[in-house]
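Taking it in order: structure first as structure tokens, then the write-up.
The values are calculated or read from the model by the stated rules, or taken from the named source; none is laboratory data. Because the structure is a prediction, the values reported are computed rather than measured. Using ideal geometry, Cβ is built from the backbone for each residue, glycine included, and neighbour counts are taken over all protein chains shown. Note: accessible area is taken over every heavy atom of the protein model, side chains too, but ligands, DNA and RNA are not part of it. Shrake-Rupley method; radii C 1.70, N 1.55, O 1.52, S 1.80 Å.
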Amino acid sequence: MQWTTHDVTNQVPDLHDYNLYATDLVLVAGIQGEQTLWHATDLLRYGTELGTQQILHLGQLANQHAPELQTHDRCGNRIDVVNFHPSWHQLLAMQRRENLHAMPWAQPRAGVHLARTAAYYLQAQVESGSLCPITMTFASIPLLQKEARLFATLRDKLFSREHDSRDLPLKQKYSMLIGMGMTEKQGGSDVRSNTTVARAIGHGGRGDEYLLTGHKWFFSAPMCDAHMVLARTDAGLSCFFVPRWRPDGGKNAISIQRLKDKLGNRSNASSEVEFHDAYGVMVGEEGRGIPTIMEMANHTRLDCVIGSTGLMRHALVQAIHHARYRRAFGHPLVEHALMRNVLSDLALESEAATLLMLQLARAVDTSQESPSDLRARAWRRIVTPAAKFWICKRALEFTGECMEVWGGNGYVETGAMARMYREAPVNSIWEGSGNVMCLDVLRAIAKEEEGFELLLNELQVTASAHPALRDSINALRQDLAHSAEQQEILARRITQRLVLIIQSCLMLEYAPAASAEIFFSSRSDAACGRVFGTLGGTHISEAVQRAILARAWPI
């Protein structure tokens, strides 16, 4: 028996059927330049598709139905297969169709990294786990291109824009995905402590075949058709291309021990594996495995920045949407001054992250078109790890604050916020946690002294009319004047200061004047701290708050 006890009111409708691209004014403005206008029509089409209820639901399904490991078939044969929900393969097929796995390498042209960045950022607002194999495949291609003989056998499958989910030898497939296997139980980020060994089948050396014995503690996306793996030879750590199937058609000797039971990123399988004389081909110079695979890692770091920026954007849109519908104390939440302060602060943070993401992508385009451009190299080498450190960390606080806007409704898994909050930490950890990034920033500054000075001079010009920003640049120079030991102690402070200076300058260049002023004054004001919603001063009027929110979410 059922009877009515109450009417359901004041619940916010699900947000769907909107264009992720057209409603993002910061992104649209960033793509309007001559070099990337060629991709605007595709982004408009893709933004419409990604915003549909059907596609947004795929992200929910892929995380509700986690991948499952099947180690043996019914007869007892070892098969090491991970089964995914169909939604996972649909998401991968979309990314493959849009060429997110290979666009700059398969279709090189002016602005291509910026074009891919924009599309990847839109995809990141739908589902995060399925980005992982796409990113690793993307990052592996420039590495493999240097191995002419091997790449000739892989090129068509890597550049294919079809997703092939079949678990078959490479010769029988029309496309492939590539993963990574770097860390081991005893080392984590300290890959120099790796114990996996590689034994040459023939003479050995670059491009030759080896047998690998050992383990990997994190083996990302184990159903990929191959993985880039570090293993030790007599010359030291080397990099290897290790396929899931051997060239003779047999299953490679890679045993999946178990899948990680992760906090978030649940749609994507992360595994522990053991190698029992697993077949592999050496990539790069023997004994130079770390520099070789770091080239791949540098590409994945930018994708971490893009992924976290996309996560922040989606959380922001959900929070503003909720605040415009939900009523409290007689008014919509967005009509309360303190809530507008919180949302305005979040909107500024999201815009600054997006501008930095776009600028990094432009720098990658410039550095590839003009390898001798010291400024672009400084952006790519110094600012990328700094941005990964800061934006990925801010995403944790950001998604938590957006979830709080939803209140208790945000804390349950039936809504979008809980998944975003669980997803937020992964990019801060993957491919180098915070300390690793900050130490890398210091190393890059020391190595790219001339380019870094060009970058600082450029920032100084932008900051010339803003005393607080000039003071921040001077403070950064003072921190960098300390001894190497003291710099390491200050590494996080140096990195944070550098990113906030850059974001402030980008806001001055591209954002409305009032927004830029509020951003850099609040980020240099100790009274604001790290809590969103503490904007103050004469600049943050009700009219300015409303203008910031209208720019952030114009629907």
| request: Quick one: which residues, 5 or more positions from residue 201 or on another chain, have an amide H under 5 Å from its amide H? H modelled 1.01 Å from N in the peptide plane, none for Pro or chain starts. | output: 209, 210, 211
| So what's the net charge close to residue 53: Lys and Arg +1, Asp and Glu -1, counting the other residues with Cβ under 13 Å from its Cβ? | -3
| Folded to 0 to 90 degrees: helix 289-325 orientation relative to the chain principal axis, Cα | 40
| query | Taking Cα atoms, how many degrees apart are the long axis of helix 434-447 and the longest axis of the chain, rounded to 10 and kept between 0 and 90? | reply | 80
| query | Which cross-chain or sequence-distant (5 or more) residues have an amide H under 5 Å from the amide H of residue 226, H modelled 1.01 Å from N in plane? | reply | 177, 179, 244
| request: Report, in degrees rounded to the nearest 10, the 0 to 90 angle that the Cα long axis of helix 148-159 makes with the longest principal axis of the chain. | output: 50
| Counting alpha carbon pairs within less than 8 Å and at least 6 residues apart, what relative contact order, in whole percent, applies to region 491-543? | 27
| query | Taking a probe of 1.4 Å, how large is the accessible area per residue of the chain, in Å²? | reply | 42
| note | Karplus-derived 3J(HN,Hα) from phi for region 78-91 (6.51 cos²θ - 1.76 cosθ + 1.60, θ = phi - 60°), whole Hz, x at Gly and Pro, runs 6, 10, 6, 10, 10, 9, 10, 5, x, 4, 4, 5, 5, 5
| Does the chain classify as rounded, prolate or oblate by the C-alpha gyration tensor (a ≥ b ≥ c root eigenvalues; a/c under 1.5 gives rounded; else a/b over b/c gives prolate, otherwise oblate)? | oblate
| request: Return the sequence-ordered ³J(HN,Hα) values of region 486-501 in whole Hz as given by the Karplus equation 6.51 cos²θ - 1.76 cosθ + 1.60 applied to θ = phi - 60°, using x for Gly and Pro. | output: 5, 4, 5, 4, 8, 4, 5, 5, 4, 5, 4, 5, 4, 5, 5, 5
| message | Please report the carbon-and-sulfur percent of the accessible area for the chain; probe 1.4 Å, protein heavy atoms only, DNA, RNA and ligands left out. | response | 52
| said: Going 7 Å from the Cα of residue 89 along its beta-carbon direction, which residues of region 212-248 have the amide nitrogen within less than 17 Å of the resulting point? | reply: 222-225
| task | Taking DSSP loops as anything outside H, G, I, E and B, show the longest stretch in the chain free of GluC sites (Glu not before Pro) there with at most 15 other beta carbons within 10 Å. | result | 414-555
| By the scheme Lys and Arg +1, Asp and Glu -1, what is the net charge of all other residues having a beta-carbon under 12 Å from that of residue 497? | +2
| request: Determine which aspartates and glutamates satisfy two conditions relative to residue 146: a Cα distance under 15 Å, and not lying fewer than 8 residues away in the same chain. | output: 208, 285, 286, 295
| remark: Computed ³J(HN,Hα) along region 221-234: with the Karplus parameters 6.51/-1.76/1.60, θ = phi - 60°, integer Hz and x for glycine or proline, the list is 6, x, 8, 4, 6, 6, 9, 8, 10, 9, 8, 9, 10, 4
| Near residue 337, within a Cβ-to-Cβ distance under 14 Å, what is the net charge of the other residues, with Lys and Arg +1 and Asp and Glu -1? | -1
| the chain - mean residue ellipticity at 222 nm from DSSP helices (-39,500 (n - 2.57) per run, n ≥ 4, rounded to 500) | -16500 deg cm²/dmol
